[in-house]
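J.: The structure is given below, and queries will be raised subsequently.
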C-alpha cells in the first residue's frame, strides 16, 4: 500500500490529478505501523490544503495521535498539524499542542513550538494568550531554542518594542553560539551553528533599529563575529553578510561600519558572482548610512552593471536606484530605460518603469528632460505604469515651472507638442500615452501658433480612427478636438471642420458609449456657439485653475425659500427617511449597496450625523470640492451634488479660484499657503476633462532644495576621480572638466555625422581607450561605441589610443584604417552583406582584388559606418597605402587623386 | 515566512521532489516549476546562483545531474540558503551513502521526512544532522 501512495505522490508531482487516491492516503494515517502512518501523513500534507473537505476526517486521527505514547507518532501528527490545521480547527488541537510544550522529548517540544508558530501565522488572535511561551528561551536543547527563534522573529517584526527586554538574552545566546558552546553536531563547515547565528542577527537587526541603547549592547558581539568569521567558506560569508545587514540596521557605530565596509570590498573584489551579488546587496544597505563608501567601489559596481548575468544586473540597478541623487539621475535613469527596453519580463518591467518614474519625479534636473524621459517610459511600458503618472505628466505640462516665466512655459509646451506630433504616427502606442498626447495636443496644440488647427485636428482624428476599439482614447481625442475648435472660435477665427472629423463626430454621436456620445454632442453644440460664449465655456490655458464648487448650493436658498412659501414640500435629508435609502442620494449609494447586499461581520457603526445640505456655510473645508471649470455641466452631475436639481445656471455665480493648499510640484517648493493638510479633505480636480483625483496627496514631501545642495557638494568630491564610473557616482555636470568620464558624453556627442565631429570624437574615443586601459578588468560600457557591433567593444581595450587618434585625425585614413584591425570572420560576413547591397557603380573587380583576405571588401563600406569601428584602427601605414591603392583601382580612379569625398560620392 | 518551496529537478527538467510551504493549485505549481526550471537550467556555472522570479528569489545549486531549487522571500539571506542546500545534501549523503538521483527517486518519502525535520512553516528549524536522522533511523528499525 505504501508503494501505491508514493506513486500517487509522484503522479501529483509530475502535474497530473491524483485526487481519486486522496482518501487512501487519509486511510493510511490510521495505520498502526509507524512507517505507514507517517507516510500517510506525508502524503496527506502533500495532497491536501487546509481547506480541503477531507481534513475533517483527519482531525480526529491527529487528536488521537497527539496523545500517543510513542513520540515519533506525536511528531508525525505535529507535522500534519503544521500543514493541515486551519483557523476553524485550531481550537480542536490547541490544548493538546500546548500540553506538548512540556513534553520530555526535545523533538516534540520543538515541533509543538512550530505548530504554535503556524497557528500564529494563520490566526494571531487564537494564540495571543500563549505568546509568553515563546519568550521562554531557556530551553536546554539548542534545537528547541533555535526553533523558538522563528516565531519570535515574526513577533518582533510586528512589534519590536515589547521585546526590547530580550535584547540582553539574545546577545548572550549569540555570544555563546559564537564561542562554540553549542554541541558539535550543530557545527557546519567549522562554523558554530551558523543558521542560528544568522537568525539571531536578523532578530537583533530588528530590535536595534533606531534604538541606540539596545544597539550599544550588540556592538561587542557583532564585532566579535566580524573577527571570527571564516571568510573563505560560503557559510562564513553568509554570516558576515548578515552582520552587515545587522550593522546597517542598528544605530550606526563607526568601528562596525568600517568592518562592514571591509567585508563589502572583499565581496565585490571576489571572482565569485555569488559574493559580488551579496556585496552589491550589502552595499545598497550600507549606502543609506555612509554614502561615501560607494566611492571606492565604483568600478566594481560598473562592472556588475555590465555583467551579462541578469540577476547581478538587477541587483545593481537596485543599488543605483538607492544611490540616485539629482547629480546622477540622468545617467541612471537613462540606463534603467535602456535596460527596461531590452527585457521582456513584464513583472520586472513594471517595477523598473515605476522606479524610473519615481526617480524622475524626485530628481528631474529640468522639465524638458522629465518630459523626454516620461515619453520614453510611456512609449515602452505605457500600459504597465500607474495611470497617476500620466496625470502627473499632464499636470506638469500644464503648470509649467510654477513661476511667472511664461516664455519658458511656452517653450516647454511647444517642445512637448512637437515631440508628440512626431511620436503620434507610430503604431502600437500604449493607451495611457495616447491619452496624454491627445490631451496635450488639445490643450496646447494650437497655442504657439505654429501648427494650424486643421493640422492638429487631422492628427487627432487619425488617432481616434486608429484606436477605434479604445473608448478612453477616443474620448480624449474628441475632447481635444472640442478644445481646439473652441480656442479657434474664441480667437475669432472661422472654423471649418475637416470632413473626416465631421464623419468621426457623426459616428461617435451614435456610439454605444454614452460618454462618447455626450462628448460628440457637446462638441457639435460648442461649434455652433459664438465666440464670447465659447470663451466662457472653454477658457484658453485654464487647466491649472482650480475651481471651487459650492456643494451645498447655498445660492439656491432663496429659490427654495420661494418654493416653500408657495407650498412646496420641504426636503427631508436621506437619513431621516426610512425605507428609501438608495433612491435620492448618490453619495452614499456605494456604502448602502454593500451594507444591504452582503453579510456584515464587523459591528454596526453609529449613525452618521450628516449636515443638512442647505445650511452649512461654503467655507467649511470638508464640504468643499474642487472641480474643473470648462465643463460645468457634467462634472457637477457626476459628483455628489446630484440630489439637488437645477445646477446648470450655477457655474459662474459661485465659482471662484482657490489656490491655497495647491502645491507647486515643479520648481521651488512653494506652497501658496500652509494649508497642505487640507488636501485630504479636498480632492483636487486638475485640468480640463482629465478625470484625476487626489493630486495633491501624491506630491507631499519633495525637498528639492536639499538635493540641489548635495549636487554641488557631490561634484567636488568626485572631481578627483578620473574613472569612467565618475559619471555615475559624480555627476554629469562635471563631465566637461574630466574628459575621461565620458561614458555618456561620448555616446551623445558622436553623432552619425562623423566627418563633422571628427575632432571631438577622436579625443573622446581616445580618452576612453585610456580609461579602459587603466581599468583593466572593466569592459567599456556599450554606450561608448554603441554605434557598432558588440564584438567591437570587447577588443577595444587592447588598442593604442594614440594610434587610434592618428587614424581619426587624418580624414583620408579614417575610412581605410578603420577596417584594419582584428576583423574576424563574422564581421567579414557582415561586411560582405553590406557590400552586396551596394551599388558598386559598375565595378565588378572585387575578385581581382590584390589584397589578401577581405580587406578590399571592407573598404567599400561607406565612411559613415566604418568609423564606428575605430576601436580597431591601428593605422599601419604600408598596408594602408596598399589598401588604398586597391580601393582606388577598384573604383577606377587614378591613385593620385586621394579625395575621400569622391569615394563617398561614388559610394553614395 | 522565509522558504516558500523546495524543488529537486534533474537535468532534463523532470521534478524529483517538490515541497511547498504555501498552497498552490496543481496548475500553478506546474506553471511555476516550468518557468523557473527553464530559467535556472539555462544559466551557466559562472553566473550567480540566484534568480529573481516574480516575487520569489530562487536559490539553486547543482549536484551532478540534480538541481536543488529553493524559492525564498526577499528578506532571506541567499548565501545561507545556498549552504542550507548543501547541508541537506550532506544529510542525505550520510543517510544514503553517496546520495544520487536514484536514491531520491526510490526513497522519496525518506527525503521528505528529512525535509520535514529540517524545515517547518518555511523556517529552518533543525541543522544538526544527528537530530534530523534519528527519527528516520528509528522508524527503519521499527519496521
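The values are calculated or read from the model by the stated rules, or taken from the named source; none is laboratory data. None of the values given here were measured: they were computed from a predicted structure. As a convention, Cβ positions derive from the backbone with ideal geometry for all residues, glycine included, and neighbour counts pool all protein chains shown.
J.: Out of (1) free of Cβ contacts under 8 Å to residues at least 12 places away in the same chain; (2) at the interface with chain A (Cβ under 10 Å from one of its Cβ atoms), the odd one out for residue B:62 is which?
T.: Here residue B:62 clears every test but (2).
J.: Take the residues in the range A:242-253 that are surrounded by 24 or more Cβ atoms within 10 Å (Cβ to Cβ) and in a helix (DSSP H, G or I), then tell me which one is nearest to the other protein chains (Cβ to nearest Cβ). Show your work before the answer.
T.: The initial filter retains those residues of the range A:242-253 that are surrounded by 24 or more Cβ atoms within 10 Å (Cβ to Cβ), namely A:242-244, A:246-247, A:250.
Retained after the next criterion (residues that are in a helix (DSSP H, G or I)): A:242-244, A:246-247.
On the way: A:242: 6, A:243: 11, A:244: 11, A:246: 11, A:247: 14 Å.
The qualifying residue nearest to the other protein chains (Cβ to nearest Cβ) is A:242.
J.: Going by the structure shown, is residue B:88 away from every other protein chain (no Cβ under 11 Å), in contact (Cβ under 8 Å) with a residue 24 or more places away in the chain and farther than 21 Å from residue B:128 by Cα?
T.: Details: away from every other protein chain (no Cβ under 11 Å): yes; in contact (Cβ under 8 Å) with a residue 24 or more places away in the chain: yes; farther than 21 Å from residue B:128 by Cα: no.
No: the conditions fail for residue B:88.
J.: All but one of (1) more than 10 Å from chain A (Cβ to nearest Cβ); (2) under 26 Å from residue A:84 (Cβ atoms); (3) in a strand (DSSP E or B) hold for residue B:28; which doesn't?
T.: Among (1) more than 10 Å from chain A (Cβ to nearest Cβ); (2) under 26 Å from residue A:84 (Cβ atoms); (3) in a strand (DSSP E or B), residue B:28 violates only (3).
J.: Among (1) within 14 Å of chain B (Cβ to nearest Cβ); (2) touching a helix residue (DSSP H, G or I) at 6+ places or on another chain (Cβ under 6 Å); (3) touching a residue at least 40 places away in the same chain (Cβ under 8 Å), there is one condition residue A:303 misses while meeting the rest; what is its number?
T.: Unmet condition: (2).
J.: Now a separate question. Please find, within the range A:268-288, the residue that is nearest to residue A:258 (Cα to Cα) out of those that are in contact (Cβ under 8 Å) with a residue 40 or more places away in the chain and within 23 Å of the chain's Cα centre (by Cα).
T.: First, pick out the residues of the range A:268-288 that are in contact (Cβ under 8 Å) with a residue 40 or more places away in the chain: A:274, A:278, A:281-282, A:285-286, A:288.
Adding the requirement that they be within 23 Å of the chain's Cα centre (by Cα) leaves A:278, A:281-282, A:285-286, A:288.
Working: A:278: 17, A:281: 17, A:282: 13, A:285: 14, A:286: 11, A:288: 14 Å.
Taking the candidates together, the pick is A:286.
J.: OK, next. Answer yes if at least one residue in the range A:17-28 is modelled with pLDDT of 90 or more and under 25 Å from residue B:137 (Cβ atoms), and no otherwise.
T.: Yes, the range A:17-28 has at least one match.
One line per residue, one yes/no per condition, for (1) closer than 24 Å to residue A:84 by Cα; (2) more than 8 Å from chain A (Cβ to nearest Cβ); (3) touching a helix residue (DSSP H, G or I) at 6+ places or on another chain (Cβ under 7 Å):
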position: B:4; (1), (2), (3): yes, yes, no
position: B:10; (1), (2), (3): no, yes, yes
position: B:13; (1), (2), (3): no, yes, yes
position: B:22; (1), (2), (3): yes, yes, no
position: B:32; (1), (2), (3): yes, yes, no
position: B:36; (1), (2), (3): no, yes, no
position: B:39; (1), (2), (3): no, yes, no
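J.: Please work out which residue is farthest from the other protein chains (Cβ to nearest Cβ), limiting yourself to the range A:254-291 and to residues that are within 20 Å of residue A:321 (Cα to Cα) and not in a helix (DSSP H, G or I).
T.: Among residues in the range A:254-291 that are within 20 Å of residue A:321 (Cα to Cα) and not in a helix (DSSP H, G or I), the one farthest from the other protein chains (Cβ to nearest Cβ) is A:290.
J.: Which of the residues spanning the range A:432-465 are free of Cβ contacts under 8 Å to residues at least 24 places away in the same chain and either out of contact with any helix residue (DSSP H, G or I) (no Cβ under 9 Å at 6 or more places or on another chain) or outside any helix (DSSP H, G or I) (or both)? Even if it seems obvious, please write down each step before you answer.
T.: Here is the first cut: in the range A:432-465, the ones free of Cβ contacts under 8 Å to residues at least 24 places away in the same chain are A:449, A:452, A:455.
Passing the criteria: A:449, A:452.
J.: Return the residues of the range A:106-147 that are over 41 Å from the mean Cα position of the chain (by Cα), in a loop (DSSP other than H, G, I, E, B) and more than 10 Å from chain B (Cβ to nearest Cβ); say none if nothing qualifies.
T.: A:136, A:137, A:138, A:139, A:140
J.: If only one of A:362, A:298 is within 30 Å of residue B:45 (Cβ to Cβ), assigned to a helix (DSSP H, G or I) and touching a residue at least 60 places away in the same chain (Cβ under 8 Å), which one is it?
T.: On the way: A:362 fails: within 30 Å of residue B:45 (Cβ to Cβ).
Result: A:298 is the single residue among A:362, A:298 that is within 30 Å of residue B:45 (Cβ to Cβ), assigned to a helix (DSSP H, G or I) and touching a residue at least 60 places away in the same chain (Cβ under 8 Å).
J.: Could you say which residue among A:599, A:564 is more than 37 Å from the chain's Cα centre (by Cα) and either closer than 30 Å to residue A:474 by Cβ or at pLDDT 65 or above (or both)? Please lay out each step first, then the result.
T.: Working: A:599 fails: either closer than 30 Å to residue A:474 by Cβ or at pLDDT 65 or above (or both).
On inspection, the qualifying residue turns out to be A:564.
J.: Please go through the range A:18-32 and give me each residue that is touching a helix residue (DSSP H, G or I) at 6+ places or on another chain (Cβ under 8 Å), within 18 Å of residue A:77 (Cα to Cα) and not in a helix (DSSP H, G or I), ordered by number.
T.: A:29, A:30, A:31
J.: Identify, from the list A:67, A:37, the residue that is surrounded by fewer than 23 Cβ atoms within 10 Å (Cβ to Cβ) and either at the interface with chain B (Cβ under 10 Å from one of its Cβ atoms) or more than 27 Å from residue B:10 (Cα to Cα) (or both). Spell out the reasoning first.
T.: Values: A:37 fails: surrounded by fewer than 23 Cβ atoms within 10 Å (Cβ to Cβ).
None of the others qualify; the one that does is A:67.
J.: Within the range B:96-109, count every residue that is within 10 Å of chain A (Cβ to nearest Cβ) and in contact (Cβ under 8 Å) with a residue 24 or more places away in the chain.
T.: Going residue by residue through the range B:96-109, those that are within 10 Å of chain A (Cβ to nearest Cβ) are B:105-109.
Narrowing further to those that are in contact (Cβ under 8 Å) with a residue 24 or more places away in the chain: B:105, B:108.
Counting residues in the range B:96-109 that are within 10 Å of chain A (Cβ to nearest Cβ) and in contact (Cβ under 8 Å) with a residue 24 or more places away in the chain gives 2.
J.: Shifting gears a bit: Given the conditions (1) within 14 Å of chain B (Cβ to nearest Cβ); (2) part of a helix (DSSP H, G or I); (3) farther than 29 Å from residue B:131 by Cβ, which single one is not true for residue A:56?
T.: The one condition residue A:56 does not meet is (1).
J.: I've got another one for you. Would you pick out the residues in the range A:1-17 that are touching a strand residue (DSSP E or B) at 6+ places or on another chain (Cβ under 8 Å) and assigned to a helix (DSSP H, G or I)?
T.: A:13
J.: With respect to residue A:79, is the statement that it is in contact (Cβ under 8 Å) with a residue 24 or more places away in the chain and not in a helix (DSSP H, G or I) true? Give the derivation first.
T.: Details: in contact (Cβ under 8 Å) with a residue 24 or more places away in the chain: yes; not in a helix (DSSP H, G or I): no.
Here the answer is no, as residue A:79 does not meet what is asked.
J.: Suppose we filter the range A:314-341 for residues that are within 14 Å of another protein chain (Cβ to nearest Cβ) and surrounded by fewer than 18 Cβ atoms within 10 Å (Cβ to Cβ); how many remain?
T.: Counting residues in the range A:314-341 that are within 14 Å of another protein chain (Cβ to nearest Cβ) and surrounded by fewer than 18 Cβ atoms within 10 Å (Cβ to Cβ) gives 1.
J.: Answer with yes or no whether residue B:142 is facing another protein chain (nearest Cβ under 10 Å) and modelled with pLDDT under 90.
T.: Working: facing another protein chain (nearest Cβ under 10 Å): yes; modelled with pLDDT under 90: yes.
When the stated conditions are applied, residue B:142 passes them.
J.: For the range A:530-550, does any single residue satisfy the condition of being modelled with pLDDT of 75 or more and part of a loop (DSSP other than H, G, I, E, B)?
T.: Checking the range A:530-550: at least one residue is modelled with pLDDT of 75 or more and part of a loop (DSSP other than H, G, I, E, B).
J.: So is residue A:315 more than 15 Å from residue A:361 (Cα to Cα) and in contact with a helix residue (DSSP H, G or I) (Cβ under 6 Å, 6 or more places away or on another chain) or not?
T.: Numbers: more than 15 Å from residue A:361 (Cα to Cα): yes; in contact with a helix residue (DSSP H, G or I) (Cβ under 6 Å, 6 or more places away or on another chain): yes.
Yes, satisfied.
J.: May I ask you to say which residue of A:202, A:136 is within 20 Å of residue A:114 (Cβ to Cβ) and modelled with pLDDT under 90?
T.: Details: A:202 fails: modelled with pLDDT under 90.
Only one candidate passes the filter, namely A:136.
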